[in-house]
Amino acid sequence: MISIAYAADAAPAGSLLSSFAPLVLILVVFWFLVMRPQQQKYKRHQEMVAQLKRGDKIITSSGILGKITKVTDQFFSVEIADGVEIQIEKGAVSAQYDPAAAAQEKAQQVEKK
């Protein structure tokens, strides 16, 4: 009876490959559904930040709206009120703000309701 138990524990050589196939499939799906879109979003954000210049209106990641007054290698000087300037790191810029586009988007949302 002991010899039968040992024989049942042995697995054919091909099962090692078939046991890793689901893991590989999960990793491929994870790559296409999570990692790749995140990398593309990061690349678009980097391009947007690189194209910002003096006079552009921006929204920071903390929600502060302001206008760029000075651009350096790592920082933007942003005017958030008359005579009030702050320096923010370039990575803290969330989006470029376009008042006309924001008003148009708001009008479209009102029309849908």
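The values are calculated or read from the model by the stated rules, or taken from the named source; none is laboratory data. Just so we're clear, the structure is a prediction, and the values are computed from it rather than from any experiment. Neighbour counts run over all protein chains shown; Cβ positions are idealised from the backbone, glycine included. When the accessible area is computed, the model is the full protein with side chains, heavy atoms only, and any ligands, DNA or RNA have been set aside. Shrake-Rupley method; radii C 1.70, N 1.55, O 1.52, S 1.80 Å.
The C-beta contact set for region 85-99 (first residue more than 21 Å from Lys43 (Cα to Cα), second residue polar (S, T, N, Q) and not in a loop (DSSP other than H, G, I, E, B), distance under 8 angstrom, 6+ apart or interchain) comprises Glu85/Thr69; Glu85/Ser77; Ile86/Ser77; Gln87/Ser77. Does Lys70 fit the bill of being of a type in the set (Lys, Arg) and in a helix (DSSP H, G or I)? The answer is no for Lys70.
Go through Val34, Val49 for me and flag whichever is in a helix (DSSP H, G or I) and in contact with a helix residue (DSSP H, G or I) (Cβ under 7 Å, 6 or more places away or on another chain). Even if it seems obvious, please write down each step before you answer.
Details: Val34 fails: in contact with a helix residue (DSSP H, G or I) (Cβ under 7 Å, 6 or more places away or on another chain).
None of the other options fit; the residue is Val49.
Of all residues in region 81-93, those satisfying the criterion of being closer than 20 Å to Gln51 by Cα and open to solvent by 60 Å² or more (accessible area, probe 1.4 Å) are Gln87, Glu89. From the set of residues in region 52-67 that are among the small types (Gly, Ala, Ser) and assigned to a loop (DSSP other than H, G, I, E, B), which is farthest from the chain's Cα centre (by Cα)? In this case the residue turns out to be Gly55. Against the numbered list (1) surrounded by 10 or more Cβ atoms within 10 Å (Cβ to Cβ); (2) not in a strand (DSSP E or B), Gln109 comes up short only at (1).
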